[in-house]
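To start, the structure under review is shown below, and the notes come after it.
The values are calculated or read from the model by the stated rules, or taken from the named source; none is laboratory data. All of these numbers come straight from a predicted model, not from anything done at the bench. Cβ placement follows ideal geometry from the backbone for every residue including glycine, while neighbour counts extend to all protein chains displayed.
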Amino acid sequence: RKSIFYSLITLVLLAPVILFITYYTQTSSAESKAVVTKTVGKELANFVDSTSVDFENALQISGKSAVVALVSQVVSNGVPVDDAQAALSSLALNSSYQGVYYSVLENTSLDRWQQKVESEGNAFGLNVSITVLSANVTHLDSFNLLFTASASVNASFSAYDIKLFKNYNTSTIVSILGVEDPLYALRTNGLLERSLVSAPFPHSVSEVDNAV
């Protein structure tokens, strides 16, 4: 079962900062405090920057999971989706669509990623607040979808009055190759199934079906 994997950079960068602060706060010299403040600011900036890499990874996972979950729902119920783009965007964002919660997406949505990164940051003494502002999907080509998303990150270290804020926009291409073809299942009333594959010949799937 897939889950959100936030970057190791986010954790690795925070650990030495805490040790550094613990050591230097044993002294009260102005020089030591200045060194601590500078280092904390630098590593806090690294933490905020690392979330941009993780944000793209999270979008890839949430987008792919949304595609698989929505196709499974269509095939199982035999009912097409009125607005697939809206459905995929909503599922990637918060695991739900039109009031229906998809429990299979519990650990893969962007809002779940947001919660996990906030929790990890707070565990290391930071005040972290992330807001996923939007998530959208567009048709890129026959076998790929383009997911885009934006988020704002607020991080601070209250003990040193250091605050950082950044907005991020990211995108990722999600392939649908290998995913079950929902239209084929709907047209055959679920009696037949096939996965989406890239044909090694210059003919469309409909042409092949008609020929058969």
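Once region 35-61 is narrowed to residues that are aliphatic (A, V, I, L, M) and at pLDDT 80 or above, the residue that is farthest from Ser171 (Cα to Cα) is Ala45. Taking the criterion of being exposed (fewer than 12 other Cβ atoms within 10 Å of the Cβ) and among the hydrophobic types (A, V, I, L, M, F, W, C), the only residue of region 98-109 that qualifies is Val100. Candidates are the residues of region 143-179 that are at pLDDT below 85 and more than 21 Å from Ala69 (Cβ to Cβ); the one that is surrounded by the fewest Cβ atoms within 10 Å (Cβ to Cβ) is Asp161.
Quick grid of which residues meet (1) free of Cβ contacts under 8 Å to residues at least 24 places away in the same chain; (2) part of a strand (DSSP E or B); (3) surrounded by 15 or more Cβ atoms within 10 Å (Cβ to Cβ):
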position	(1), (2), (3)
Val71	no, no, yes
Val75	no, no, yes
Pro80	no, no, no
Ser89	no, no, yes
Ala92	no, no, yes
Asp111	yes, no, yes
Lys116	no, no, yes
Ile130	no, yes, yes
